[in-house]
Amino acid sequence: MKTTFCTLLATAAISLATVAQTNSIMTTNKIETATLGGGCFWCMEAVYERLPGVLSVTSGFAGGHTENPTYQEVCSETTGHAEVTQITYDPAKISYDHLLTVFWQAHDPTTLNRQGADEGTSYRSIILYHDEKQRLLAEKSKLAAQADFKHPIVTEIVPFTKFYPAEDYHQGYYDANARQPYCQVVITPKLEKLERKKVIESTVQVK
């Protein structure tokens, strides 16, 4: 009887240890999401794809009122949406705060509804937070980043509601069209600058 009881206790202990280990693995493998807009999503997508810890980057639209908008509709400035990138990342390898640090360096957050030659509300600087923690980090990061800019930062910080992926041809656009004039004139110089500053990696990372 005593032997049987000890065996049951040992089995229970092993089961509890297994559950604890599984929970630990689940916590370690947690994936989080960030939604950021800094002008043309081709540019921002190319930047975030080059950060270790980022698992995927999807170009799309958010922050507006039209459901399932097309690229043409968003460009017409009638949907209220901004071009954004939705980023899934491993918080054990890269923090939300670091994603924001890169965000401020990857575009000019002081130009209202414009990035370079791209003009309109769809190109506005915007952070769409997914929870209260992200909101607080975004507000703190914005205040800290202001010291790096002569003019006031105009970036919107608003709650995330819904994300609409852009058409397939927009996904991975730079890597598939690096020789296209817009990429050569706008995106390549941006990436080279960030590479020199060690903000991003020089090639897309293997996840």
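The values are calculated or read from the model by the stated rules, or taken from the named source; none is laboratory data. None of these values were measured; they are calculated from a predicted model. Positions of Cβ are backbone-derived with ideal geometry, glycine not excepted, and every protein chain shown enters the neighbour counts.
Scanning the range 40-73 for residues that are over 22 Å from SER202 (Cβ atoms), hydrophobic (A, V, I, L, M, F, W, C) and crowded, with 24+ Cβ neighbours inside 10 Å yields a single hit, PHE61. Within this structure, LEU55 fails the test of being of a type in the set (A, V, I, L, M) and in a helix (DSSP H, G or I).
Scanning the range 32-46 for residues that are under 17 Å from ASP97 (Cα atoms) and within 10 Å of the chain's Cα centre (by Cα) yields GLU32, THR33, ALA34, THR35, LEU36, GLY37, MET44. Filtering the range 58-113 to residues that are over 19 Å from LYS190 (Cβ atoms), among the small types (Gly, Ala, Ser) and in contact with a strand residue (DSSP E or B) (Cβ under 6 Å, 6 or more places away or on another chain) leaves GLY60, ALA62, GLY63. Criterion first (among the basic types (Lys, Arg) and free of Cβ contacts under 8 Å to residues at least 40 places away in the same chain) does ARG179 satisfy it? When the stated conditions are applied, ARG179 passes them. The set of residues in the range 91-123 that are of a type in the set (D, E, K, R) and over 20 Å from GLU32 (Cα atoms) comprises ASP108, ARG114, ASP118, GLU119.
For LYS198, the conditions (1) at pLDDT below 95; (2) more than 24 Å from PRO52 (Cβ to Cβ) are fulfilled apart from (2). If you go through the range 29-52 and keep only what is in a loop (DSSP other than H, G, I, E, B) and closer than 10 Å to THR88 by Cβ, you end up with just ILE31.
Please determine whether any residue of the range 62-71 is in a strand (DSSP E or B) and either of a type in the set (Gly, Ala, Ser) or more than 19 Å from the chain's Cα centre (by Cα) (or both). Yes - at least one qualifying residue is present in the range 62-71. Residue count for the range 28-82, restricted to those that are under 15 Å from GLU167 (Cβ atoms) and among the hydrophobic types (A, V, I, L, M, F, W, C): 6.
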